[in-house]
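> There's a structure below that I have some questions on.
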Amino acid sequence: MDGAHRSGLQLQPLPPTSGATSTSLSSSEGSFSYKENLIGALLAIFGHLVVSIALNLQKYCHIRLAGSKDPRAYFKTKTWWLGLLLLLLGELGVFASYAFAPLSLIVPLSAVSVIASAIIGIIFIKEKWKPKDFVRRYVLSFVGCGLAIVGTYLLVTFAPNSHEKMTGENIARHLVSWPFLLYMLVAIVLFCLLLYFYKERNANNIIVILLLVALLGSMTVVTVKAVSGMLVLSIQGNLQLDYPIFYVMFVCMVATAIYQATFLSEASQIYDSSLIASVGYILSTTAAITAGAIFYLDFLGEEALHICMFALGCLIAFLGVFLITRNRKKAIPFEPYISMDAMPDEGAG
């Protein structure tokens, strides 16, 4: 060292190796991906929570004005319009969440709506229950909420970490990939068979109807993610609206959503809303995750342990939603989610 100093030489630190550089890059990309997952999850949770509050505000108005001679009296109430505004805000939050996080993470978070509706239903109960009777009556709801929350935590923690820019080229490439084309072929054949038995053979079984909804829903969420992602990229300056695939996805999104609503409306005329909520959540979530895994390759490169824990989170959330909805009372008119037939009167002390 003394000789080096005497000759005027200075020792320079070695430049980082390519391995260290790649490790640093992958670490930064990983933290960025997890941040996007968190943003998407929070947007979805916020959106579903607000939607649940909005629907129950509108439900409250319908119940309060059920005896009114004017069938549209609720249009004149501020509460109903507040519910509509919150509904639009919540749906916008859910729509935006698809642009940030994998489809397989966002779809199961709709359990938040069921959890929130169960809590709101308990808060607005008017009857005076004794503590023992109250616990006995709502023990399934409490257990279901706990399981749904645990399942949601596992879903967020072990969700796939795949993040691909929703450019027109990427979406078009996924659309013509052979795994998705094979999935589409199977889905179309199954849908046609179910539709034949439903329409021609009067097979009004709830599984048949909600499978039709689930198959349509799997296409809806695939297109929603594409449209949402391309819109966000366009807002960020990377214009995607000049790609024809954007408008193809947009039309498919609207069409499948409309037909979903049609089948759900028909199901609600035959079956109880709580049964539709639980069975529909399970079937639609399963179909949507499958479609997302095939179209967007959500689980490509994920560790087997993460996939198993994610699947466990789904199963726990399914069980939680089933227990919550199983404990509800029979549906009454204008009851999309929960039983609120015993709302407190405004004049009650």
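> For the stretch 183-207, give me the residue count where each residue is closer than 30 Å to A41 by Cα and open to solvent by 40 Å² or more (accessible area, probe 1.4 Å).
Number of matching residues: 2.
> Another question, then. Is it the case that the stretch 237-252 has a residue that's free of Cβ contacts under 8 Å to residues at least 60 places away in the same chain, surrounded by 15 or more Cβ atoms within 10 Å (Cβ to Cβ) and within 21 Å of the chain's Cα centre (by Cα)?
The answer is yes, given that some residue of the stretch 237-252 is free of Cβ contacts under 8 Å to residues at least 60 places away in the same chain, surrounded by 15 or more Cβ atoms within 10 Å (Cβ to Cβ) and within 21 Å of the chain's Cα centre (by Cα).
> When you go through L297, L233 one by one, which is the residue that is in contact (Cβ under 8 Å) with a residue 60 or more places away in the chain, over 17 Å from L195 (Cβ atoms), open to solvent by 60 Å² or more (accessible area, probe 1.4 Å) and of a type in the set (A, V, I, L, M, F, W, C)?
L297
> Here's a follow-up. Among the numbered criteria (1) at pLDDT 85 or above; (2) open to solvent by 20 Å² or more (accessible area, probe 1.4 Å); (3) assigned to a helix (DSSP H, G or I), which single criterion is violated by K132?
(1)
> Suppose we keep only residues that are among the charged types (D, E, K, R) and within 15 Å of I294 (Cα to Cα) within the stretch 156-173. Which one would you say is surrounded by the fewest Cβ atoms within 10 Å (Cβ to Cβ)?
Step by step, filter the stretch 156-173, then rank; the result is R173.
> Here is a further query. What number goes with the only condition from (1) at pLDDT below 80; (2) in a helix (DSSP H, G or I) that I39 does not pass?
I39 satisfies every listed condition except (1).
> Mind telling me which of the residues M184, M219, M249 ends up being within 16 Å of I106 (Cβ to Cβ) and aliphatic (A, V, I, L, M)?
None of the others qualify; the one that does is M219.
> Report, ordered by the first and then the second residue, all pairs with beta carbons closer than 9 Å, sequence separation of six or more or different chains, a first member in the stretch 83-99 that is open to solvent by 40 Å² or more (accessible area, probe 1.4 Å), and a second member that is of a type in the set (D, E, K, R).
Within 9 Å, no pair qualifies.
> How many residues, within the stretch 238-278, are within 22 Å of L175 (Cα to Cα) and outside any helix (DSSP H, G or I)?
6
> Let me ask something additional. Would you confirm whether any residue within the stretch 320-334 is at pLDDT 90 or above, open to solvent by 40 Å² or more (accessible area, probe 1.4 Å), aliphatic (A, V, I, L, M) and on the phi < 0 side of the Ramachandran plot?
No, the stretch 320-334 contains no residue that is at pLDDT 90 or above, open to solvent by 40 Å² or more (accessible area, probe 1.4 Å), aliphatic (A, V, I, L, M) and on the phi < 0 side of the Ramachandran plot.
The values are calculated or read from the model by the stated rules, or taken from the named source; none is laboratory data. The shown structure was predicted, so the numbers you read here are calculated from the model rather than taken from an experiment. Cβ sites come from the backbone with ideal geometry, for glycine too, and all protein chains shown count toward neighbours. Calculation scope for accessible area: heavy atoms of the full protein, side chains included, ligands and nucleic acids excluded. Shrake-Rupley method; radii C 1.70, N 1.55, O 1.52, S 1.80 Å.
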